[in-house]
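Okay, structure first, notes after.
The values are calculated or read from the model by the stated rules, or taken from the named source; none is laboratory data. Computed from a predicted model, the values in this text were never measured in an experiment. Cβ placement follows ideal geometry from the backbone for every residue including glycine, while neighbour counts extend to all protein chains displayed.
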Amino acid sequence: MALELNTLEDRNNPLLSRREVTAILRNAAGKVTRIDAAKQIADRFNVDKNKVITITMTGQRGTMDLRSTFYIYNSEDDMKKQLPRYMTLRGIPKADRKKLLDEEKAQRLKAKQAAAAKSGGSRSKAKR
């Protein structure tokens, strides 16, 4: 899907090692996802799509335009350090996100079971 993309502001933020891009996506309200918008920005600015994160996508009553803010990081490590985890997760397709979260949940459960087995049932002795 080719979107009409008008860049309003492109600011470099050296302190946080990122570019902050504000753009208007014409006739995109209800038709484009955050992931698709990030791909369009990555293509437009010739950067890796994994380094682009969609911050906001807001529409106005009476128009089909979206005013969007994107952060383009210099490295994925900087992005993970600065942004809350949910923001990086919502840039991943739903199927991949669910798979990742299920794997992490399984690892936590395994670690919890291993810790319980290591303690050797000390909980039952404490109740007596």
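Taking each residue of segment 91-117 that is in contact (Cβ under 8 Å) with a residue 12 or more places away in the chain and closer than 30 Å to T56 by Cα and looking for partners that are part of a helix (DSSP H, G or I) and of a type in the set (S, T, N, Q) with beta-carbon atoms closer than 9 Å, six or more apart or interchain, yields G91/N50.
Which one of the conditions (1) loosely packed, with under 15 Cβ neighbours inside 10 Å; (2) over 16 Å from L3 (Cβ atoms); (3) of a type outside the set (K, R) does Y71 fail to meet, given that it meets all the rest? Result: Y71 passes all but (1).
Close Cβ contacts (under 9 Å, 6 or more residues apart or on different chains) running from residues in segment 37-60 that are at negative phi and free of Cβ contacts under 8 Å to residues at least 12 places away in the same chain to residues that are among the hydroxyl-bearing types (S, T, Y) and buried (at least 19 other Cβ atoms within 10 Å of the Cβ) comprise T58/S68. Residues in segment 57-76 that are over 16 Å from R44 (Cα atoms) and not in a loop (DSSP other than H, G, I, E, B): M57, T58, G59, L66, R67, E76. Candidates are the residues of segment 1-44 that are acidic (D, E) and touching a helix residue (DSSP H, G or I) at 6+ places or on another chain (Cβ under 9 Å); the one that is nearest to F70 (Cα to Cα) is D10.
Residues in segment 1-46 that are in a loop (DSSP other than H, G, I, E, B), exposed (fewer than 15 other Cβ atoms within 10 Å of the Cβ) and over 20 Å from the mean Cα position of the chain (by Cα): M1, A2, P14, L15, N27. Out of K94, K127, K99, K51, one residue alone is at pLDDT 90 or above, exposed (fewer than 13 other Cβ atoms within 10 Å of the Cβ) and not aliphatic (A, V, I, L, M). It is K99.
All of R61, R85 fail the test of being over 23 Å from R18 (Cβ atoms) and surrounded by fewer than 10 Cβ atoms within 10 Å (Cβ to Cβ), apart from R61. The requirement of being hydroxyl-bearing (S, T, Y) and on the phi > 0 side of the Ramachandran plot is fulfilled nowhere in segment 82-90; no residue meets it.
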